[in-house]
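**Student:** What follows is a single structure, and I will ask about it in a moment.
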Amino acid sequence: MILNDAIEEIVENIMAVSAETKKQSIIEMMEILTSSKNVFLLGQGRSGLVARAFAMRLMHLGISVYVVGETITPAIDDDDCLLAISGSGETSYIISTAKIAKKRGSKIVAVTSYDDSTLGKMADLVIHIKGRTKVDSEKNYIKRQMNGKHLSLSPLGTLFEVSTLIFLDALIAQLMNKLGKTEDDLKKRHTVLE
């Protein structure tokens, strides 16, 4: 079934992200997140949903966090950081927002598939999450087959978005360890207004 093949492709991408992630980048990311006065999360579309999910877990850890665009989001300053999620690193709204954050002196962490993108170049730290590749832009079926390259079974940015969600959830586990937090600590900050 295509469904099983698609799941396998997604899992393989997640495993590749796990294998390729540099330990020093994780240490640096955790330091930025835990030393910033406020952490601002930014993403558009499905990447925005991933940003919101990560923001919730950071809040559970007791980190001061805001989602860009919400009515309660304060001004960003030089002791804050912006974590921007963009597979392409070229989403215009993300770029313009990151430019404002950079101008105000905040650190920028870019989560993207393209380190050399506009977002990647302006970031203080780039977390590379493997997503769609140039293979998908090759329209010639025969060329793709001869090169052993096939179209992805996962539509649009699925590989990037799902891999980013899992990476960031795994980072929460690492942050829990770093901060000495338990699941009970997180539960105490979980909403009760439901």
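**Student:** Which one is nearest to Glu183 (Cα to Cα), of the residues in region 15-31 that are touching a Lys or Arg at 6+ places or on another chain (Cβ under 9 Å) and open to solvent by less than 50 Å² (accessible area, probe 1.4 Å)?
**Tutor:** Taking the candidates together, the pick is Met30.
**Student:** Still on this model: Among the numbered conditions (1) of a type in the set (A, V, I, L, M, F, W, C); (2) assigned to a helix (DSSP H, G or I); (3) open to solvent by 20 Å² or more (accessible area, probe 1.4 Å), tell me where Ile63 comes up short.
**Tutor:** (2)
**Student:** Answer yes or no: is there a residue in region 32-49 that is within 18 Å of Leu119 (Cα to Cα) and open to solvent by 80 Å² or more (accessible area, probe 1.4 Å).
**Tutor:** The answer is yes; a qualifying residue exists.
**Student:** Would you be able to say whether some residue in region 58-67 is in contact with a Pro (Cβ under 8 Å, 6 or more places away or on another chain) and either in contact (Cβ under 8 Å) with a residue 24 or more places away in the chain or under 22 Å from Ile166 (Cβ atoms) (or both)?
**Tutor:** Among the residues of region 58-67, at least one is in contact with a Pro (Cβ under 8 Å, 6 or more places away or on another chain) and either in contact (Cβ under 8 Å) with a residue 24 or more places away in the chain or under 22 Å from Ile166 (Cβ atoms) (or both), which makes the answer yes.
**Student:** Can you report the number of residues in region 1-53 which are part of a loop (DSSP other than H, G, I, E, B) and either β-branched (Val, Ile, Thr) or modelled with pLDDT under 90 (or both)?
**Tutor:** The total comes to 2.
**Student:** Please find, among Ala55, Ala101, the residue that is in contact with a strand residue (DSSP E or B) (Cβ under 9 Å, 6 or more places away or on another chain), without any contact (Cβ under 8 Å) to a residue 40 or more places away in the chain, within 17 Å of Ser35 (Cα to Cα) and of a type in the set (A, V, I, L, M, F, W, C).
**Tutor:** One residue alone meets the criteria, Ala55.
**Student:** Pairs please, first residue from region 76-91 and under 12 Å from Ser106 (Cα atoms) and of a type in the set (D, E, K, R), second anywhere and open to solvent by 50 Å² or more (accessible area, probe 1.4 Å) and part of a loop (DSSP other than H, G, I, E, B), Cβ atoms under 8 Å, 6+ apart in sequence or on different chains.
**Tutor:** Note: pairs meeting the criteria are Asp77/Lys37; Asp77/Arg104; Asp78/Arg104; Asp79/Lys37; Asp80/Lys37.
**Student:** Still on this structure, please answer the following. Mind checking whether some residue in region 70-79 is open to solvent by 70 Å² or more (accessible area, probe 1.4 Å) and over 27 Å from Met176 (Cβ atoms)?
**Tutor:** Within region 70-79, one or more residues are open to solvent by 70 Å² or more (accessible area, probe 1.4 Å) and over 27 Å from Met176 (Cβ atoms).
**Student:** Still on this structure, please answer the following. From the list Ile127, Ile94, which residue is crowded, with 18+ Cβ neighbours inside 10 Å, in a strand (DSSP E or B) and of a type outside the set (D, E, K, R)?
**Tutor:** Ile127
The values are calculated or read from the model by the stated rules, or taken from the named source; none is laboratory data. Bear in mind that the values here come from a model prediction, so they are computed numbers and not experimental data. With ideal geometry, Cβ positions are generated from the backbone for all residues, glycine too; neighbour counts draw on all protein chains shown. Side chains included, ligands, DNA and RNA excluded: accessible areas come from the protein's heavy atoms. Shrake-Rupley method; radii C 1.70, N 1.55, O 1.52, S 1.80 Å.
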